[in-house]
Amino acid sequence: MFEATHLMLIASSILYAVSICALITRRNIIQVAIALEILIDAANMNFIAFSNMGLLIDPVAHAIVITSIVIGGCVETAILALAVYVYKHYRTLDVRELHRLRW
Amino acid sequence: MLPHAPWLSWIIPLVGAAIVPLLSFRRRLVEAFSVIVAFTAAAFAFSMIPEVFKAELPVEKHIWLPILNVKAGVILDPLSIFMASVATGIGALCILYSIAYMSEHPGYTRYYSLMLLFVGGMTGLVMASNMVQLYIFWEVVGLCSCFLIGFYYDQEKARHAGLKAFIVTRVGDASLMIGLALLYVSTGTVDFLQLANAVKGIDMGLLTITGLLVFGGAIGKSAQVPLFVWLPDAMEGPSTVSALIHAATMVKAGVYLAARTFPIFSASTTWLLFVSWIGAITAFMAATMAMVSKDIKRVLAYSTMSQIGYMMTAVGIGTMAGIFASQFHLMSHAIFKALLFLAAGCIIHSIGTRNMDEMGGLKDVFPLVYITFLIGAFSLAGIPPFNGFWSKGLIILETINEGFYGLAILSSITAIITVFYTFRMLFLTFHGEKSEYVKKLKHIHMPGITMYIPLLVLAAGCIISGFLEHNFLEFMFPHESFHLHIPENLMLIEYTISFLAIVIGLVPAYLLYFRKTISPEKIVKSSSITYALYKLLENGYFFDKFYYSLSYAVRDFAQSFRKTHTGVLSNNMLAIVAMMIILIILFITFGGV
């Protein structure tokens with residue numbers, strides 16, 4: 001059981017690092033949205049990993065993760081809706097072009 | 001006492017303020033409702049006065065905020081009952097006067113709602129039995145003043161003045177809040193009655209610092225040096241609002257706070273000295289600024305600062321007689337300043353200007369306003385037998401009696417200047433030739449009957465209240481056989497000072513502005529020193545300029561960070577990750593993991 005926790009933590013760290021790298025380097029909004037989804041999954045996986053630590057499996061962590069998945073879905077929807085409007089407006093999906101509100 | 005008067009005297013106006021917007025479909029309904037609510041609240045407040053003479057004053061408490069061990073309650077003692085009566089009484093008269101004054105403005109719902117909230121907030125402030133409750137109402141009063149000063153929000157100046165009042169008093173409020181937190185941490189209670197005993201054990205240095213921080217709130221609210229810059233600008237609001245702010249609600253809150261916390265901090269002589277000197281310096285500086293102002297309402301605003309300074313001086317003397325003198329002067333000032341503002345409001349409402357150069361010769365146009373204004377001006381100048389003479393004299397007397405000769409000299413000089421600027425205002429406005437502006441006015445809009453009633457009531461108050469010193473003394477100290485021990489010869493000195501002040505102040509004002517034998521412009525231009533002095537006074541000792549340059553400096557400093565906001569998502573993420581790494585390193589190094 002302890003092994004499984006370790007493996008999950010390592011996997012979640014890798015996912016986290018990947019998503020952060022993607023958020024920094026990618027310019028396409030769709031790719032940013034995917035990176036954000038991976039970020040959320042990394043956090044969820046962390047929750048699941050630590051719920052396994054004791055003698056019993058903690059159900060509260062699972063409940064939170066399910067809630068988190070739902071919220072993550074909503075966030076994704078919002079980003080994708082945003083992406084559609086950004087494309088309509090600017091005719092591009094490059095995030096560097098979205099600086100109309102900058103000084 | 002009417003049932004539950006200590007609670008209802010402030011809950012009624014607050015609830016009334018909430019109901020006013022529901023009645024906004026008819027102007028007459030809003031006006032009638034507001035007047036009825038204000039007078040009901042005043043009736044409740046005045047009904048508490050006989051309670052003072054009963055053996056034991058009831059203090060009603062209800063549990064609230066159990067974590068902080070705070071009980072919401074009302075404190076019933078002569079101080080709070082007196083302040084509640086002043087706030088609701090003057091407030092009711094101002095609202096009655098507003099019917100005619102605001103009869104043409106379409107924003108009547110907002111106006112009456114805020115006025116009732118203002119009166120209710122102030123009454124709640126003075127009835128509060130603990131610091132937390134006081135602080136809440138303190139903020140309510142601040143908010144109302146901001147909105148009412150900026151009432152004519154279509155004018156840039158008015159908006160700016162409202163915001164300025166809010167931000168400048170916020171400096172004081174922050175200081176008050178820190179003071180309250182310190183007080184709570186060091187004593188474990190916020191209740192006024194318990195605090196007076198609870199502070200006996202704590203360190204004197206801590207007590208002084210706490211006291212000064214709490215007094216910082218009073219400096220902001222009562223427009224004392226150095227946080228006075230908002231009050232002259234606050235004249236952008238309607239005259240009724242100025243009357244309410246100056247006579248009953250806003251600036252009196254600071255004096256109330258100083259008097260209320262007096263039993264807590266009076267052990268610290270530094271605190272007392274600070275309070276009295278801030279008061280005396282403000283009194284002097286404000287009076288000098290009033291000498292050169294051209295705007296009739298600004299002169300009145302500076303005179304308020306000056307009179308509040310007198311009250312602070314009296315509190316800082318550190319005796320119960322001093323507290324009594326400050327409260328007595330507060331009552332006189334509330335009456336005559338409300339009268340002066342409402343009378344000035346009549347003129348401004350009728351001829352549509354506040355500049356005294358554009359007035360002159362108005363005593364034939366508004367005879368009744370002239371007489372009432374004259375009574376108010378005599379009270380302000382301290383001419384016997386009007387109330388200002390007795391109360392201001394008492395303060396100067398107390399400073400001499402307790403041996404504070406520096407304060408006494410500064411206060412006496414201020415009294416001379418007060419006489420000068422009062423008569424300057426009176427002569428410029430009502431006497432002499434009519435200005436070109438007045439001559440050109442075809443139709444002068446005469447004040448209505450509802451504007452005269454408050455004027456006459458207040459004028460009667462000016463004449464009567466000065467003679468009620470002994471009754472007021474009995475009221476303030478009902479259970480102690482408290483007497484003002486004043487030697488006969490001191491009384492004589494004080495009368496001499498008063499009469500000398502009147503003569504020294506009146507003669508130059510008469511020559512300069514009534515006979516016009518000497519031109520004031522010539523004196524100003526006679527040498528570079530007088531010109532520099534004039535500029536210094538006209539600019540309010542450059543406090544305003546200093547604060548503005550300070551705020552511009554802060555703004556420019558913040559602007560310099562603008563370049564870092566690139567708006568590119570990748571850069572923002574990079575910054576987040578960098579900060580995260582720094583935090584992790586810090587946590588590993590110092591977190592003890």
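Only the coordinates and a few stated rules stand behind these numbers; no lab work does. For clarity, every value in this text was computed on a predicted model and none was experimentally measured. Heads up, the Cβs are rebuilt from the backbone with ideal geometry, glycines too, and the neighbour counts pull from every protein chain shown.
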**Fill in**
In order over region A:22-34: 3J(HN,Hα) from phi, Karplus 6.51/-1.76/1.60, θ = phi - 60°, whole Hz, x for each Gly or Pro, gives 5, 4, 6, 8, 6, 10, 7, 4, 5, 5, 4, 5, 5
**Item:** Charge dipole of chain B about the Cα centre (unit charges at C-beta), most positive-ward option of B:Asn489, B:Leu22, B:Ile523
**Value:** B:Ile523
**Complete:** Scalar couplings 3J(HN,Hα) for region B:357-366 by Karplus 6.51 cos²θ - 1.76 cosθ + 1.60 (θ = phi - 60°), nearest whole Hz, x for Gly and Pro, are 5, 8, 10, x, x, 7, 6, 7, 6, 10
**Complete:** Quick note on B:Lys294, B:Lys442, ordering by fewest other C-beta atoms within 10 Å, gives B:Lys442, B:Lys294
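Which ordering of B:Glu488, B:Glu60 is given by a fewest-first count of other beta-carbon atoms within 10 Å?
Numbers: B:Glu488 6, B:Glu60 15.
With the sparsest Cβ surroundings first, the list reads B:Glu488, B:Glu60.
Sorted by packing (mean other beta-carbon atoms within 10 Å per residue), highest first, where do B:358-364, B:417-423, A:85-91 land? Display every interim value, and only then the final one.
Details: B:358-364: 18.3, B:417-423: 25.7, A:85-91: 11.3.
My ranking of the peptides, most packed first, is B:417-423, B:358-364, A:85-91.
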**Request:** Taking H placed 1.01 Å from N in the peptide plane, check which residues at least 5 places from B:Glu60 or on another chain put their amide H under 5 Å from its amide H.
**Result:** B:Val74
**Asked** What's the local net charge at B:Met102, with K and R +1, D and E -1, over the other residues with C-beta under 14 Å away?
**Response** +1
**Request:** With θ set to phi - 60°, apply the Karplus curve 6.51 cos²θ - 1.76 cosθ + 1.60 along region B:376-390 and write out the HN-Hα couplings as whole Hz, x wherever there is a Gly or Pro.
**Result:** x, 5, 4, 5, 4, 6, x, 9, x, x, 6, 4, x, 4, 5
**Request:** Mind ranking B:170-178, A:25-33, B:323-331 by how tightly packed they are, going by the mean number of other C-beta atoms within 10 angstrom, highest first?
**Result:** B:323-331, B:170-178, A:25-33
**Asked** If amide H atoms are built 1.01 Å from N in the plane of the peptide, which residues on other chains or at least 5 residues away come under 5 Å of the amide H of B:Ala128?
**Response** B:Ile75
**Asked** Of the listed peptides B:382-389, B:156-163, what is their order by residue-averaged count of other C-beta atoms within 10 Å, with the highest listed first?
**Response** B:382-389, B:156-163
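Past 32 Å, Cα to Cα, is the threshold; run B:Lys221/B:Lys434; B:Lys439/B:Lys522; B:Lys363/B:Lys545; B:Lys535/B:Lys563; B:Lys294/B:Lys392; B:Lys434/B:Lys525 against it and keep the listed order. Could you put the intermediate results ahead of the total?
On the way: B:Lys221/B:Lys434 38 Å; B:Lys439/B:Lys522 26 Å; B:Lys363/B:Lys545 37 Å; B:Lys535/B:Lys563 40 Å; B:Lys294/B:Lys392 25 Å; B:Lys434/B:Lys525 25 Å.
Flagged as over cut-off: B:Lys221/B:Lys434; B:Lys363/B:Lys545; B:Lys535/B:Lys563.
For the protein assembly as shown, report the % of Cα-Cα distances exceeding 37 Å. If you can, show how the numbers build up before the last one.
Details: 118097 of 241860 pairs.
I get 49 percent for the Cα pairs in the protein assembly as shown exceeding 37 Å.
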**Fill in**
extent check for chain B: Cα max minus min per principal axis, descending, whole Å, gives 86, 65, 57
**Complete:** By Cβ neighbour count within 10 Å, fewest first, B:Thr240, B:Thr270 rank B:Thr270, B:Thr240
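Rounded to a whole number, what is D in µm²/s for region B:195-342 from Stokes-Einstein with the Kirkwood radius over alpha-carbon pairs (37 °C, 0.692 mPa s)? Please report the intermediate quantities before stating the final value.
Details: Rh = 15.3 Å.
Estimated via Stokes-Einstein, D reaches 215 µm²/s.
At 20 °C and 1.002 mPa s, grab the translational diffusion coefficient of region B:48-205 from Stokes-Einstein with a Kirkwood Rh over Cα pairs, rounded to a whole number in µm² per second. Write down the numbers at each step before the final one.
On the way: Rh = 17.8 Å.
Here the translational diffusion coefficient equals 120 µm²/s.
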